[in-house]
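Student: Have a look at this one before I ask anything.
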Amino acid sequence: MRGNMGRIVLVTGASRYLGSRIAENLAGDPGVDRVIGVDVVPPVVPIPGIDFIRADIRNPVIAKVMGDARVDTVVHMGVIATPKQAGGRSTMKEINVIGTMQLLAACQKTPSLQSLVVKSTSGVYGCGAKDPAMFTEDMEPKHAPTAGWPKDSSEVEGYVRGFARRRPDVAVTTFRFANFMGRHIDTAMSAYFSLPVIPTVLGYDARLQFIHVDDGLEILRRAVHARQVGTFNVAGDGVMTLSQAIRLSGHLRLALPEFLLTPVGRSLSSAGLLDFSYEQVRFITYGRVLDTSLVSRTFDYRPDRTTQEAFEDFLARGEEMSDVA
């Protein structure tokens with residue numbers, strides 16, 4: 001045991017936006033001695049204060065990296081949200097699921113490991129007409145995801161639970177995040193709300209929650225130190241409807257029958273405008289709202305920005321671009 005000494009933290013997915021941000025935040029944390037960033041490609045901009053190792057978590061060599069460094073904390077940010085990021089759906093699934101399996105095998109072999117923090121998604125609850133008003137962490141999905149990132153994340157969580165049973169000495173923390181929003185992050189939902197004409201499902205007005213990037217990073221940082229066991233929903237306070245979000249964006253809304261929206265989404269995807277999956281169509285149809293009382297009690301933290309404030313910060317990006325133009 002390291003007692004009160006600083007952590008030695010390994011961050012997966014360190015070349016992508018969220019992974020690089022949490023790695024940089026932890027590198028500046030006085031309670032952390034060393035941060036090791038791992039990814040298959042180096043960051044576009046070097047991350048100050050971290051040791052970057054070019055490695056693929058699908059390769060068993062990751063176990064040697066962890067063992068040699070005597071890593072005591074792993075922050076798993078390496079689950080990819082869209083096929084575009086990975087170069088295709090099959091590669092995406094391999095990185096997400098096979099990569100996590102290899103990472104957990106490496107964790108199993110690392111005696112110094114004390115904590116595992118996993119970034120998951122509220123998408124594991126699915127979306128549908130039978131959903132509760134708010135999802136708590138102990139609820140099973142009424143409409144389980146069948147494809148894409150939410151399905152991958154459900155499988156990842158299953159493997160993480162198996163690891164927790166095999167290594168009860170390791171504190172395993174899983175965060176089910178609402179959609180991230182902010183002026184500097186690009187996601188499927190930010191691309192959707194950036195369309196000049198935003199397609200929606202006729203007759204539905206989904207309830208939405210967002211988490212600001214800075215708030216999500218702060219709860220991840222706290223988890224590195226708190227070492228709390230469990231699964232936690234994370235979202236900004238408050239709820240927006242889809243129609244409210246579109247009005248705030250100032251863009252046009254095009255309500256389509258559900259049977260037309262999926263082919264429209266495919267056309268937008270093939271044109272490279274956004275990744276518009278079946279699960280995203282269900283999300284903008286039914287929405288999803290999380291009960292976040294457990295994360296607030298456990299970590300003594302409420303996000304600084306509400307759902308609407310996170311969305312407004314995303315909209316500020318467009319205003320900045322207009323100012324520059």
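The values are calculated or read from the model by the stated rules, or taken from the named source; none is laboratory data. Here the structure is a predicted model, which is why all the values come from computation and not from measurement. A quick note on method: Cβ atoms are made from the backbone with ideal geometry, for glycine too, and the neighbour counts reach across all protein chains shown.
Student: Any residue in the stretch 19-38 that is touching a residue at least 24 places away in the same chain (Cβ under 8 Å) sitting within a Cβ distance under 6 Å of a residue that is among the basic types (K, R) and crowded, with 17+ Cβ neighbours inside 10 Å? List the pairs, counting only those 6 or more apart or interchain.
Tutor: N25/R221; V32/R7
Student: Same structure, new question: Can you tell which of I185, I219 is within 25 Å of I284 (Cβ to Cβ) and in contact with a helix residue (DSSP H, G or I) (Cβ under 7 Å, 6 or more places away or on another chain)? Write out each step before concluding.
Tutor: On the way: I219 fails: within 25 Å of I284 (Cβ to Cβ).
Exactly one residue qualifies, and that residue is I185.
Student: Note down all Cβ pairs under 8 Å where the first residue falls in the stretch 40-58 and is in contact (Cβ under 8 Å) with a residue 40 or more places away in the chain, the second is in a loop (DSSP other than H, G, I, E, B) and among the β-branched types (V, I, T), and they're at least six residues apart or on different chains.
Tutor: Taking only residues 6 or more apart or on different chains, the pairs are D56/V40.
Student: So, one more: Looking at the stretch 121-140 only, could you name the residues that are under 22 Å from A226 (Cβ atoms) and crowded, with 22+ Cβ neighbours inside 10 Å? Walk me through how you get there before you give the answer.
Tutor: Applying the first criterion (under 22 Å from A226 (Cβ atoms)) to the stretch 121-140 yields 121-122, 136-138.
Scanning the stretch 121-140 gives T121, S122.
Student: Output yes when any residue across the stretch 109-119 is farther than 17 Å from S15 by Cα, modelled with pLDDT of 95 or more and among the charged types (D, E, K, R), and no when none is. Before you say what the answer is, go through the steps one by one.
Tutor: Going residue by residue through the stretch 109-119, those that are farther than 17 Å from S15 by Cα are 109-117.
Then drop every residue that is not modelled with pLDDT of 95 or more, which leaves 109-117.
Checking which are among the charged types (D, E, K, R) leaves us with 109.
Yes: the stretch 109-119 contains one or more residues that are farther than 17 Å from S15 by Cα, modelled with pLDDT of 95 or more and among the charged types (D, E, K, R).
Student: Which of the residues spanning the stretch 295-311 are in contact (Cβ under 8 Å) with a residue 60 or more places away in the chain, under 24 Å from M189 (Cβ atoms) and part of a helix (DSSP H, G or I)? First the steps, then the outcome.
Tutor: First, the residues of the stretch 295-311 that are in contact (Cβ under 8 Å) with a residue 60 or more places away in the chain: 295, 298-299, 301-311.
Then drop every residue that is not under 24 Å from M189 (Cβ atoms), which leaves 295, 301-311.
V295, T307, Q308, E309, A310, F311 - these are the residues of the stretch 295-311 that are in contact (Cβ under 8 Å) with a residue 60 or more places away in the chain, under 24 Å from M189 (Cβ atoms) and part of a helix (DSSP H, G or I).
Student: Would it be correct to say that E94 is over 24 Å from V224 (Cα atoms), surrounded by fewer than 20 Cβ atoms within 10 Å (Cβ to Cβ) and touching a residue at least 24 places away in the same chain (Cβ under 8 Å)? Step through it out loud before you land on a result.
Tutor: Details: over 24 Å from V224 (Cα atoms): yes; surrounded by fewer than 20 Cβ atoms within 10 Å (Cβ to Cβ): yes; touching a residue at least 24 places away in the same chain (Cβ under 8 Å): yes.
Criteria met by E94.
Student: Let me ask something else. Just one of (1) touching a helix residue (DSSP H, G or I) at 6+ places or on another chain (Cβ under 6 Å); (2) of a type outside the set (F, W, Y); (3) without any contact (Cβ under 8 Å) to a residue 24 or more places away in the chain trips up E140, so point out which.
Tutor: The failed condition is (1).
Student: Since L256 meets every condition but one in (1) of a type in the set (A, V, I, L, M, F, W, C); (2) touching a Leu at 6+ places or on another chain (Cβ under 7 Å); (3) closer than 19 Å to S190 by Cβ, which condition does it not meet?
Tutor: (3)
Student: Filter the stretch 274-309 down to the residues that are among the aliphatic types (A, V, I, L, M) and over 24 Å from H225 (Cα atoms), then identify the one that is surrounded by the fewest Cβ atoms within 10 Å (Cβ to Cβ).
Tutor: So in the stretch 274-309, the residues among the aliphatic types (A, V, I, L, M) come out as 274, 281, 284, 289-290, 294-295.
Filter once more, so that each one left must be over 24 Å from H225 (Cα atoms): 274, 281, 284, 289-290.
Details: L274: 22, V281: 18, I284: 23, V289: 22, L290: 24.
Out of the qualifying residues, it is V281.
Student: Identify, please: which residue in the stretch 120-150 is modelled with pLDDT under 95 and aliphatic (A, V, I, L, M) and is, among those, nearest to the chain's Cα centre (by Cα)?
Tutor: It comes out as A147.
Student: Related question: Just one of (1) more than 20 Å from the chain's Cα centre (by Cα); (2) closer than 14 Å to H76 by Cβ trips up R16, so point out which.
Tutor: (1)
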